[in-house]
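*Asks:* Here you go, one structure.
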Amino acid sequence: MKRGRHCDQLSIRTSTRTDESKSVRRKRRVVQRGLRREPDEANGTEKGGIAILELLDELRVIAQNGLEYNDGAEDAYDRQRYERVLELVSDYYGRALDVPPSAVRESLREELGHVSAKVGAVAVVEDDEGRVLAMERANNGRWALPGGYVDPNESAEEAAVREVREETGLDVEPVELVDVYSVGPGEGNNPHSIVNVVYRCRVRGGELRLSHEGTDLAYRDPTRLPADAWHEQNRRYAVDAVESSDAAASAGSDAKR
């Protein structure tokens, strides 16, 4: 995808998810939050843990795709092997990240179809001074842009809008696709590969409020805040978005001359 693709004609579709699907999403988020917990140095995930998570993610994909595409009676023995691999993966995820293996196993079994990377949506909301709206996360004290995983039957644009509303109370609309970023397993303590879609958004309404996920909410200059004060790759997302915004403004100014 090209950076800087404007989304002025973007249509935010109304969700048709049922109450039952919302319940399933809430349950899945609980498990995902557990899988994203900070590592425990005592169990070896702090030092060399990235290699462990990469291995577990690879085995997870092999097992889940094996179960998806080998469901005939002639593959009964293969299914047993894939089931065993998935069981071991769940157990070791639990050990490495201090999450109940049964919860991990149940979450993995809920995934249907071909297993691929998780998709996240991130929103960059600027003020008139070029600062970006960021939340100080309650779980690690680092600053992060509004964002999260894309839910089933939801577009990345819808997810970005929803996450901003849930985490900040503001109503926004995406105006530009900043870029698409890949995050490997183990980066930022994520157990799976993630593809993050980052949008620059404009505020349409709402009232700024802090959610239970954070301890502070403020507009911050991404270039003045230390890199280690940011959550995962969020500083990069913010800087890229501000630079893209500045470039668009400069191009517009030159066109008027």
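*Asks:* Under the condition of being surrounded by fewer than 22 Cβ atoms within 10 Å (Cβ to Cβ) and of a type in the set (A, V, I, L, M), which residue from region 102-124 is nearest to Trp230 (Cα to Cα)?
*Replies:* Val119
Residue-wise test of (1) within 22 Å of Ala218 (Cα to Cα); (2) outside the structural domain of Asp246 (by TED's automatic domain parsing); (3) among the charged types (D, E, K, R).
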position	(1), (2), (3)
Ala103	no, yes, no
Ala121	yes, no, no
Ala134	yes, no, no
Gly148	yes, no, no
Arg165	yes, no, yes
Tyr181	no, no, no
Glu187	no, no, yes
Ser193	no, no, no
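*Asks:* Could you identify the single residue in Gly113, Gly141, Gly148 that is part of a loop (DSSP other than H, G, I, E, B) and modelled with pLDDT of 95 or more?
*Replies:* Going through Gly113, Gly141, Gly148 in turn, the sole match is Gly141.
*Asks:* Does any residue in region 90-112 that is farther than 18 Å from Glu54 by Cα come within less than 8 Å, Cβ to Cβ, of a residue that is modelled with pLDDT of 85 or more and surrounded by fewer than 14 Cβ atoms within 10 Å (Cβ to Cβ) six or more places away or on a different chain, and which pairs are these?
*Replies:* Pairs that qualify, where the first residue is farther than 18 Å from Glu54 by Cα and the partner is modelled with pLDDT of 85 or more and surrounded by fewer than 14 Cβ atoms within 10 Å (Cβ to Cβ): there are none.
*Asks:* Assess whether Glu58 counts as being more than 30 Å from Val172 (Cα to Cα) and modelled with pLDDT of 50 or more.
*Replies:* Yes.
*Asks:* Condition test on Leu210, is it in contact with a helix residue (DSSP H, G or I) (Cβ under 9 Å, 6 or more places away or on another chain), modelled with pLDDT of 95 or more and part of a strand (DSSP E or B)?
*Replies:* No: the conditions fail for Leu210.
*Asks:* Looking at this structure, is Asp91 at pLDDT 85 or above, in the same structural domain as Tyr181 (by TED's automatic domain parsing) and surrounded by fewer than 19 Cβ atoms within 10 Å (Cβ to Cβ)?
*Replies:* no
*Asks:* Ala159: under 21 Å from Val115 (Cα atoms) and modelled with pLDDT of 95 or more, yes or no?
*Replies:* Considered against the rule, which asks whether it is under 21 Å from Val115 (Cα atoms) and modelled with pLDDT of 95 or more, Ala159 comes out as yes.
*Asks:* A follow-up question, please. Of all residues in region 192-207 being in a loop (DSSP other than H, G, I, E, B) and in contact (Cβ under 8 Å) with a residue 60 or more places away in the chain, which is farthest from Ser90 (Cα to Cα)?
*Replies:* Ranking the qualifying residues of region 192-207, first place goes to Ser193.
*Asks:* Does Leu108 satisfy the criteria of being at pLDDT 90 or above, of a type outside the set (Lys, Arg) and assigned to a helix (DSSP H, G or I)?
*Replies:* no
*Asks:* Of the residues Ala134, Ala96, Ala138, Ala123, which is of a type in the set (A, V, I, L, M, F, W, C) and over 27 Å from Pro152 (Cβ atoms)?
*Replies:* Ala134
*Asks:* Being part of a helix (DSSP H, G or I), modelled with pLDDT under 85 and of a type outside the set (A, V, I, L, M, F, W, C), is that true of even one residue in region 76-87?
*Replies:* yes
*Asks:* Among the residues of region 229-251 satisfying the criterion of being over 16 Å from Tyr199 (Cα atoms) and modelled with pLDDT of 95 or more, which is farthest from the chain's Cα centre (by Cα)?
*Replies:* Looking at the filtered set, the residue picked out is Ala229.
*Asks:* In addition: Specify which of the listed residues (Val172, Val132, Val164, Val180) is within 25 Å of Asp246 (Cα to Cα), surrounded by fewer than 21 Cβ atoms within 10 Å (Cβ to Cβ) and among the hydrophobic types (A, V, I, L, M, F, W, C).
*Replies:* After ruling out the rest, the residue left standing is Val180.
The values are calculated or read from the model by the stated rules, or taken from the named source; none is laboratory data. The structure presented is a predicted model; accordingly, all values stated were derived computationally and were not measured. Please note: Cβ atoms are built from the backbone with ideal geometry, for glycine as well, and neighbour counts cover all protein chains shown.
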